[in-house]
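Remarks on the structure that follows.
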Amino acid sequence: MEGVARMSWARPSPLPPAREGKPPREPRTHTTYRGGRCRRPNQCPLRAPPNKRPADWLLRPSAALPWQPGNRTRRPSIQASGSQSRGPSPAPPASDTMSVRTLPLLFLNLGGEMLYILDQRLRAQNIPGDKARKVLNDIISTMFNRKFMEELFKPQELYSKKALRTIYDRLAHASIMRLNQASMDKLYDLMTMAFKYQVLLCPRPKDVLLVTFNHLDAIKGFIQDSPAIQHQVEETFRQLTEVYGGLPAGEFQLIRQTLLIFFQDLHIRVSIFLKDKVQNSNGRFVLPVSGPVPWGTEVPGLIRMFNDKGKEVKKVEFKHGGHYVTAPKEGSFELYGDRVLKLGTNMYSMNRPVETHMSGASKSLASRTQESIAPNPLAKEELNFLARLMGGMEIKKPSGPEPGFRLNLFTTDEEEEQAALTRPEELSYEVINIQATQDQQRNEELARIMGEFEVTDQPRQSASKGDDLLAMMDEL
Amino acid sequence: MFRRERSLPLRGSAAALCNNLSVLQVPARNLTHFGVVHGPSAQLLSAAPEGVPLAQRKLHAKEGAGVSPPLITQVHWCVLPFRVLLVLTSHRGIQMYESDGSVMVYWHALDSGDASPVQAVFARGIASSGRFICVGTWSGRVLVFDIPAKGPNIVLSEELAGHQTSVTDIATEPAQGQDCVADMVTADDSGLLCVWRSGPEFKLMTQIPGFGVPCPSVQLWHGTVAAGYGDGQVRLYEASTGTLHVQISAHARAICALDLAPEVGKLLSAAEDTFVHIWKLSRSPESGHTEVEHCHGECVPDTQVCGARFCDPSGSSFAVTGYDLAEILRFSSV
């Protein structure tokens, strides 16, 4: 009740007459500053919740601040796929990461790596050509869906690793292919380590854009007989050029730092990297001290001294320790062109077995486990954005009884089972167990969106129609 | 010649930020303090002379409304005439602690008023000048705090406007007598350097234009500005006039940290190409020009260096941190 009395304009609505022998009722709602009744009594910060559970109360971000006229709630409107959003979407909360433009680059590059790996496994497992093509086409089409791309390119923070993993889980299941938990884990490990390697080895921070373009070039190669999807990918190219083409070097440095902070402490050993001597046996990547310098950098080794008039008076060489040469040319940032950089191209096209090793990486994971164990009271906020993003994902329902198949990222089924059992605790992508939300309305919205994603023949045990987002994440 | 000493273990790895190491010498108690940013937390470590780690402490950025905990951008010890404060900058604001990190003395929240939604809001770049502590921000403004000799009564005395892009680093030097012109230099993401004179009111003396490459680290020594750039170059300018004296193609990747040993005029440069170089600065007696000589180069294999500092004012030992590395590497001269 105190919340209502605090605001001078907030007057409690007239109470019903007190009943005999019963305590007086609390007002169910209050009058807003505009003079009408508050239309959201269940969520209004000025009114104490009916069951007075402090934990739930804290979960609502708007409750942390006293309501001021003009203060918008931070809860975005959930969009049902296929319909227009109702009015302008609220701004995402103030950024706590270094750069709010990092998510598209992260998503597209990880998605590209995922397609490389899936393509290689489909060939290795001798999946019939038409099914393999259909799977890749479906996943690419979902990834580059226009509405999804629109949501992705809005300035926002990076999602947590768990939230991102959920998106890729959805994406991998956008077609008739199925992946077990162990295979999905391995796929995600490979994707993240590959992109971490690419970011770390980028000569200039701006080259991460060239890496993205390499991925998109290869994705265009996967698409067959579908000019519509080709057009979607080219549209994304244009959007990337528009957003990132004019960014100054300082901004790219920030983006690079944000990505590296995201990948901090990941040291999973990947056999293809170990074989190519690109990763050491302790899980760290090899940073070469030879080769071409980045475009725009001079080969180190020269000291030049000038006088007051700017004339060079002395030139001294020194031994810098590396073996660098000048860069031959700059990679192209156009729609078509020679990117020069090899990072981001398909290294799996050699049909080599791809394994990840889990052991020996636990020492550096101490800090990671702390992050995943500590309960995050604002995880719901993130789920809202996740729901909005995935609301834009249009998964095409398969027409007719298309039989699905299961892809295995390991060489045998037994290996897959073994991997699932022996996966170290710290590396399991456990999602936080969030209690079901009190908000019935939001629950239904999320349920409706997830219902659209349902593929008909799903071998899930509790296949209740319209799994809501939280239950799906708990299943992971 | 330098040899590798015992490393100091950290509880969490160092984040891929620039200037990600701060060292405080406490000769009275024969201790050295180290400060490293992990991400959402910063670690303080104190060690005895032989590299024996003694105490560790973890500091966090103050929480705020957001999806993830705010990230720390820099941690730095500021030595003032009567006290030493530890300053922590993050995406929320500026926190100041007593030198051992035990008590927070001051908190300043950043004003994100006119930031566009695509702009990240943070503070970065910390230095002390006399009784002032200067901290840079995302907008290019430099906040100047007036620190009393004792107590938490810290006041924001000035906001310096000179930069249009985010400040990366600030360097100061004790004033060299009455005729000293400049004793503070600030650098930003566009490579622009602003040279200031400190006092009750700070005055902008010179601006040294950039060339489109960020300047992540800057140092000041006897009127010479040493700036490390994102293309691996180290440039030395005359602080009062802004003329370029020396241009060194020092590294093959972006420079992430510079440090000075003021007693001997040694400059330490570290970059993402895994190399750390030590240079000797001097003034030639005939022409009076600044000259640079390369003293030593050290390769830290497979490590993207993110912070490097001298551990003593004579430059006989230095420490290095690297991205994803959960230890502080130490080197000392033989």
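The values are calculated or read from the model by the stated rules, or taken from the named source; none is laboratory data. Predicted model only: the values in this text are computed from it and were never measured. Because the Cβ atoms are built from the backbone with ideal geometry, glycine has one as well, and the counts that use them run over all protein chains shown.
On inspection, residue B:156 passes the criterion of being in contact with a His (Cβ under 8 Å, 6 or more places away or on another chain) and surrounded by fewer than 18 Cβ atoms within 10 Å (Cβ to Cβ). For region A:282-304, the set of residues classified as facing another protein chain (nearest Cβ under 7 Å), surrounded by fewer than 19 Cβ atoms within 10 Å (Cβ to Cβ) and more than 21 Å from residue A:202 (Cβ to Cβ) consists of A:301, A:302, A:304, listed by residue number. Considering (1) surrounded by fewer than 19 Cβ atoms within 10 Å (Cβ to Cβ); (2) within 17 Å of the chain's Cα centre (by Cα); (3) not aromatic (Phe, Trp, Tyr), the lone condition that residue A:196 does not fulfil carries the number (1). Looking only at residues in region B:232-252 that are assigned to a loop (DSSP other than H, G, I, E, B) and surrounded by fewer than 24 Cβ atoms within 10 Å (Cβ to Cβ), the one that is nearest to the other protein chains (Cβ to nearest Cβ) is B:243. Whenever a residue of region B:97-119 is of a type in the set (A, V, I, L, M, F, W, C), its partners that are surrounded by fewer than 17 Cβ atoms within 10 Å (Cβ to Cβ), lying with C-beta atoms within less than 6 angstrom and at least six residues away or across chains, give the pairs B:105/B:152. The set of residues from region A:82-123 being farther than 26 Å from residue B:109 by Cα, at pLDDT below 90 and within 14 Å of chain B (Cβ to nearest Cβ) comprises A:88, A:89. For region A:295-325, a residue qualifies if it is within 46 Å of the chain's Cα centre (by Cα) and either farther than 18 Å from residue B:247 by Cα or among the acidic types (Asp, Glu) (or both), and the qualifying residues are A:295, A:298, A:321, A:322, A:323, A:324, A:325. Is it the case that residue B:312 is more than 14 Å from chain A (Cβ to nearest Cβ), outside any loop (DSSP other than H, G, I, E, B) and among the acidic types (Asp, Glu)? No, not satisfied.
So which of A:146, A:170, A:178 ends up being surrounded by fewer than 20 Cβ atoms within 10 Å (Cβ to Cβ), at pLDDT 85 or above and within 22 Å of residue A:412 (Cβ to Cβ)? It would help to see each step written out before you state the result.
Values: A:146 fails: within 22 Å of residue A:412 (Cβ to Cβ); A:170 fails: within 22 Å of residue A:412 (Cβ to Cβ).
Unique residue meeting the criteria: A:178.
Taking residues in region B:1-15 that are basic (Lys, Arg), and partners anywhere that are at pLDDT below 95 and loosely packed, with under 15 Cβ neighbours inside 10 Å, the pairs with Cβ atoms closer than 6 Å and at least 6 places apart or on different chains are B:3/B:334. Taken together, the criteria place residue B:318 among residues that are buried (at least 24 other Cβ atoms within 10 Å of the Cβ) and either touching a Phe, Trp or Tyr at 6+ places or on another chain (Cβ under 6 Å) or in a strand (DSSP E or B) (or both). One residue is enough: does region B:249-256 have a residue meeting the conditions of a type outside the set (Gly, Ala, Ser) and in contact with a Phe, Trp or Tyr (Cβ under 7 Å, 6 or more places away or on another chain)? Within region B:249-256, one or more residues are of a type outside the set (Gly, Ala, Ser) and in contact with a Phe, Trp or Tyr (Cβ under 7 Å, 6 or more places away or on another chain).
Do we find that residue B:270 is in contact with a strand residue (DSSP E or B) (Cβ under 6 Å, 6 or more places away or on another chain), assigned to a loop (DSSP other than H, G, I, E, B) and buried (at least 22 other Cβ atoms within 10 Å of the Cβ) in this structure? Spell out how you get there, then give the answer.
Details: in contact with a strand residue (DSSP E or B) (Cβ under 6 Å, 6 or more places away or on another chain): yes; assigned to a loop (DSSP other than H, G, I, E, B): no; buried (at least 22 other Cβ atoms within 10 Å of the Cβ): yes.
It is false that residue B:270 is in contact with a strand residue (DSSP E or B) (Cβ under 6 Å, 6 or more places away or on another chain), assigned to a loop (DSSP other than H, G, I, E, B) and buried (at least 22 other Cβ atoms within 10 Å of the Cβ).
Of the set (1) more than 8 Å from every other protein chain (Cβ to nearest Cβ); (2) surrounded by fewer than 16 Cβ atoms within 10 Å (Cβ to Cβ), all apply to residue A:307 but (1). Flag not set for residue A:241, criterion: buried (at least 20 other Cβ atoms within 10 Å of the Cβ) and either more than 9 Å from chain B (Cβ to nearest Cβ) or in contact with a Gly (Cβ under 8 Å, 6 or more places away or on another chain) (or both).
Here is a yes/no grid of residues against (1) under 29 Å from residue A:119 (Cα atoms); (2) surrounded by 19 or more Cβ atoms within 10 Å (Cβ to Cβ); (3) touching a residue at least 24 places away in the same chain (Cβ under 8 Å):
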| site | (1), (2), (3) |
| --- | --- |
| A:204 | no, yes, yes |
| A:210 | yes, yes, yes |
| A:227 | yes, no, no |
| A:236 | yes, yes, yes |
| A:248 | no, no, no |
| A:252 | no, yes, yes |
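If I filter region B:260-304 down to residues being of a type in the set (Val, Ile, Thr) and closer than 16 Å to residue B:246 by Cα, which single residue comes out as farthest from the other protein chains (Cβ to nearest Cβ)? Restricting to residues being of a type in the set (Val, Ile, Thr) and closer than 16 Å to residue B:246 by Cα, the top hit is B:278.
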